[in-house]
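The values are calculated or read from the model by the stated rules, or taken from the named source; none is laboratory data. Small disclaimer: the values here were computed from a predicted structure and weren't measured. Cβ placement follows ideal geometry from the backbone for every residue including glycine, while neighbour counts extend to all protein chains displayed. Side chains included, ligands, DNA and RNA excluded: accessible areas come from the protein's heavy atoms. Shrake-Rupley method; radii C 1.70, N 1.55, O 1.52, S 1.80 Å.
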Amino acid sequence: MRASLFAVATICTLSFHSALAQSGDKEDFVPGLKQEVVEPDEAANIAEIQRRSIERLRRQFPDGKRPVLRDAHPKAHGLVSAEFIVLDGLPEELRHGVFANPGTYQALIRFSAGNVEVQKDTIPQAAGMAIKLLGVEGEKLLQREKNAKTQDFIMINAPVFFVSNLKEYVGVHEALDADRLLEFFQARPRLLEAIATVRGQTLNNPVQVRYWSMTPYLLGEHAVKFSATPLSRTANEPPSELGPDFKRDVMIKQVSSEDVYYEFGIQLQADPKSMPVEDPVVRWDEKVSPFQRVALIRIPKQDITPDSWVTFGENLSFTPWHSLQEHRPLGSNNRARLSIYEAISEIG
């Protein structure tokens, strides 16, 4: 519970960026651009998600026999070193935080599988791309990391999340613990469609698919989402043999033979109703607000197989709250992440 209270306190201290309203204030209430809305029973729901997440980790890793892995994305396909090249000539509305000035940041990028347990790559599951920029000046959001010189951007290979709010997220955890997850989603067609989008993509090569933030973030006077799109020439083709770790094998083969490039784009919230902050199941229409390229990512040719490098990657922490004030995470899903990540970090 301590971490949940910390999360609520942090919400209050950070609310100067965008007004936080209570969702029960008015039935016809429509939030403004970038405005967050606190759900009914939000603190209790966050505490419940946190409790179930910790209990699941303790079941998976009993008696301290193995290191406690992440509660999500525990299986890494690979960690790479990279360059994050902020472009010159960006529109004024995008020049905030790490995008304020052109230049190059050194970066670490972890590609991972999205299930809560380590599974074979032949099992359909989401994929993650977590970027950690190095040498980022400026005070960070978390008090204990306010002097850190890193900035994280976390993405999934789908533009939407699979729950709209924290009450539904509690339901997912309850269904998961009761082994009734399929029933849960079958009873909710909207969420079933969302999770099919998240887990239904063909993914053979982790460095050859597009990734999205799914949830919104602050950028200057705007709520935004971000995305990384591969620019390399190698296709997302399946290998001749599908072993349990074939995605890692494919990734190793590519990054050891050529440079890999992504473009990093920002999408501005254009309408608070059709592009809500608090419902990540809703996809923000790219025709209404296209992603604007703000940076290039270069992954130079490299060997990612040494055991020391793999261990280094497992010990890295990625969270949306490793962040400058200018890139503050928005929405209930991100507020829950703050509490859960803080609590899990204490049981590792």
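Some observations on this one:
- Selection of region 220-236 for residues being in contact with a Lys or Arg (Cβ under 9 Å, 6 or more places away or on another chain), aliphatic (A, V, I, L, M) and either without any contact (Cβ under 8 Å) to a residue 12 or more places away in the chain or over 16 Å from D285 (Cα atoms) (or both) yields only A228.
- Of all residues in region 320-348, those satisfying the criterion of being assigned to a loop (DSSP other than H, G, I, E, B) and modelled with pLDDT of 90 or more are P320, W321, H322, S323, R328, L330, G331.
- Condition met for K132 (of a type in the set (D, E, K, R) and either out of contact with any Asp or Glu (no Cβ under 8 Å at 6 or more places or on another chain) or within 28 Å of A43 (Cα to Cα) (or both)): no
- Test: residue in region 58-76 that is at pLDDT 75 or above and surrounded by fewer than 18 Cβ atoms within 10 Å (Cβ to Cβ): yes
- Applying the criterion of being in contact (Cβ under 8 Å) with a residue 40 or more places away in the chain and assigned to a helix (DSSP H, G or I) to the residues of region 178-218, the residue that is surrounded by the most Cβ atoms within 10 Å (Cβ to Cβ) is P206.
- From the list E93, E83, the lone residue that is in a strand (DSSP E or B), over 29 Å from E193 (Cα atoms) and either at pLDDT 95 or above or open to solvent by less than 10 Å² (accessible area, probe 1.4 Å) (or both) is E83.
- Within region 194-235, being small (G, A, S) and under 15 Å from the mean Cα position of the chain (by Cα) holds for S213, S227, A228.
- Residue match in region 133-151 (condition: out of contact with any strand residue (DSSP E or B) (no Cβ under 8 Å at 6 or more places or on another chain), modelled with pLDDT under 90, among the basic types (K, R) and farther than 26 Å from D307 by Cβ): yes
- Taking the criterion of being in contact (Cβ under 8 Å) with a residue 40 or more places away in the chain, surrounded by fewer than 21 Cβ atoms within 10 Å (Cβ to Cβ) and either out of contact with any Asp or Glu (no Cβ under 7 Å at 6 or more places or on another chain) or within 17 Å of M251 (Cα to Cα) (or both), the residues of region 111-124 that qualify are G114, N115, E117, V118, Q119, K120, T122, P124.
- Condition met for D307 (over 15 Å from N205 (Cα atoms) and either in contact with a Cys (Cβ under 7 Å, 6 or more places away or on another chain) or open to solvent by 40 Å² or more (accessible area, probe 1.4 Å) (or both)): yes
- Check on L231, touching an Asp or Glu at 6+ places or on another chain (Cβ under 9 Å) and open to solvent by less than 70 Å² (accessible area, probe 1.4 Å): no
- Inter-residue pairs, beta-carbon under 8 Å, first closer than 19 Å to E137 by Cα and in region 306-327, second part of a loop (DSSP other than H, G, I, E, B) and of a type in the set (D, E, K, R), 6+ apart: L324/E139; Q325/E139
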